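Written below as structure tokens is the structure these notes are about.
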Amino acid sequence: MKLWKPLAATLLLLSIGHGALANDNPAAVTQAPNIDSITLEDIKSDVTFLASDEMLGRETLKPQALIASGYARSRMERAGVQPAGENGTWFQTVKFKYNTWEATPTLTYTRGDEKGELKYAEEFVSTGGAETSLVYEGEIVFAGYAINDKSKSYNDIEGADLKGKVALILRYEPSSWMKAGRNPFSRNAYLQTKEAQCRAAGAIGVLMVTGPESLGGSDNRRGLPSPEAGEKSPPLQLDLEQQAAPDESLPFFHISVAASDKLLGGEGATSKLQKAFDKGDFSQRPDPSKMSVKLTAKSKTVHAEDRNTAGMIKGELDEWIVFGAHHDHLGYGYFGARDARTAMGQIHNGADDNASGVATVLEIAEALAKSGKKPRRSFLFLTFTGEEKGLLGSSWYVKHPLIPHEKVYAMINIDMIGRIDQHKLIMDGTSCSKVLDRVCKDVAPLFPELEIGFSDQPPMPASDHWPFFSKAGIPVFFPFGGINRFMHTAEDDADTINYEDMVPTVKMLYEIGWRLSEEQAYADYTGPVKDSVGPDGNPRDPKKSSNPEGEQEDGFSAK
Ligand SMILES: [Zn+2]
């Protein structure tokens, strides 16, 4: 966060300013009622429960995700928060669907007078969750890396007649193209790019081998992802009334080098072919009439439900401050784990991600409810399922809002504030609203034990605030402790959480929420939803609004 350093200087400036004014400027002290009821013990007990082994990593659609949501409910109910879910309940049902195999896919092949069968999971496997209904008998067509890159005048798919056929392709791209650095590959290497190239060429299915000359290709099996991942924790989609465009993606299988050799004509055949294609020599493309397969792969769509949790504290106004955090995590790490190679099958407890965020929402809800004070604006407290599966719980909420979006003043999404490093906290996305930015910068100096970083970049599409910002046109911000080595690993446990820095962070977020509830100005919004209207009935976009915050405030930075 390059803004870190200079901002710290400005902050310092500010806090001195505020300190000096402390005794006669109410803004220089916290105003949120009962703020000192926020304690390390409370936070720790929430995180410890949610991230316990018994919670099995709180995977969406598993019973433990429901228990996590039930825990949020009971904590809020005990504190005196009111249910805000469907039909007076504490919950909002979220409908999911996913694909699973009707029967294990089979693949038999004929090469000359040699016949054989590939073993599923051992020699070929599918990780995709696309709806598949494939019964194919016919030729296999080798299409190289399925790359058509004019900038490199390299097109190894052109010479392959893929119409109505199954393609056999190489993963990644010619090794000579690889770049140094975190991502050595170009878009040509992306699975989606290859799948799209094959689909455009008329193929009806794809077998892809990680060639011996490519990364990790040396060990036959290394290139083959575990089928468990796709089966035990399939990719999920929202089961919406108006179905999104059907997923046209082709049935896609990874095959091992040994399997590819069997199809291509014997041991070393894949390596020989890859070396030729790496040099742009496509003359060795095998004659498809020499090899045919029978491939059956039929999936069925399963419909299932999980839930978001919703509590509220009504204020004077029917205008709402939303605090949100996701309660789901990776379960046994069959998907999304950064340590899949070493820790797949182990409980990924998700203490920082995101028991820390849920604890924050619960602690703030409790502090406000037990204060007995009626806030000016109303508060909605949400915990989401399905975040790790693609921001699905919050996307469902935004498509089925419990409070009309135009009545929402702002949304604060907390994700991963349990591993703040050297007291540094990132307030991502405040730049989408001058009012939010001002209020956050007013409050930050009241917590000098933290170093708060702000960015002029729009909110990162990294967590549940994103559907609120990008689809509902609501001003948001996302306090975030930063990427850390524990993230999405089996080591993200409750006993290594930095609770000391969580306490001032939770208090600061409560103070910001309280001040937004008291704020006279309506929060502006700069983002992709151009026609967003706020609780005052005016366009949120300052360029359209009759009383944009910008003009008034410009003097702020001049101080
Ligand atoms: Zn996560």
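The values are calculated or read from the model by the stated rules, or taken from the named source; none is laboratory data. Just so it is clear, the model here is predicted, and its values are computed rather than measured. Here the Cβ positions follow ideal geometry from the backbone for every residue, glycine too, while neighbour counts run over all protein chains shown. Just the protein is used for accessible areas: all its heavy atoms, side chains included, with ligands, DNA and RNA removed. Shrake-Rupley method; radii C 1.70, N 1.55, O 1.52, S 1.80 Å.
Numerical summary
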read-out: Sequence-distant aspartates and glutamates (8 or more away, or on other chains) whose Cα lies within less than 12 Å of Lys262; value: Glu114, Glu117, Glu123
read-out: Extension reserve of the Lys152-Glu267 stretch, reckoned as 0.36 nm per residue once the Cα distance is removed; value: 38.3 nm
read-out: Lys370 paired with Ile483, simple spin-label distance in nm, labels 7 Å along Cα-to-beta-carbon; value: 3.8
read-out: Greater than 25 Å apart at Cα, pairs in Lys97/Lys298; Lys232/Lys300; Lys434/Lys507; Lys119/Lys300; Lys373/Lys530; Lys374/Lys424; value: Lys373/Lys530; Lys374/Lys424
read-out: Cα pair distances of the chain binned at 10 Å [whole percent]; value: 3, 17, 24, 21, 16, 12, 6, 2, 0, 0
read-out: Fraction of beta bridges assigned by DSSP in the chain that are antiparallel (%, nearest 5); value: 60
read-out: Accessible-area ranking of Arg78, Arg58, Arg515, largest first, probe 1.4 Å; value: Arg78, Arg515, Arg58
read-out: Rounded accessible area of Thr385 (nearest 10 Å², 1.4 Å probe); value: 0
read-out: Apportionment of accessible area to carbon and sulfur, the stretch 225-356, percent (1.4 Å); value: 52
read-out: Theoretical ellipticity at 222 nm over the chain - DSSP helices of four or more residues, -39500 (n - 2.57) apiece, nearest 500; value: -8000 deg cm²/dmol
read-out: Per-residue SASA entry for Ser431, accessible area with 1.4 Å probe, Å² rounded to 10; value: 50
read-out: Computed accessible area, Trp177, all protein chains, 1.4 angstrom probe, square angstrom; value: 40
read-out: Solvent-accessible ranking of Asp421, Asp306, largest area first, probe 1.4 Å; value: Asp421, Asp306
read-out: Fraction in percent of alpha-carbon pairs per bin - 10 Å, the stretch 69-132; value: 15, 25, 14, 15, 15, 9, 6, 1
read-out: Lys530-Glu114 FRET efficiency (beta carbon distance; Förster radius 60 Å; 0.05 resolution); value: 0.45
read-out: Along principal axes, Cα extents of the stretch 100-301, largest first, whole Å; value: 49, 45, 31
read-out: Point-to-point label distance, Thr89-Ser74, nm (Cα→Cβ direction, 7 Å offset); value: 1.8
read-out: Within the stretch 100-301, percent of DSSP bridges classed antiparallel, to nearest 5; value: 65
read-out: Distance from the stretch 369-426 to the stretch 95-164 (C-alpha centre basis), Å; value: 42
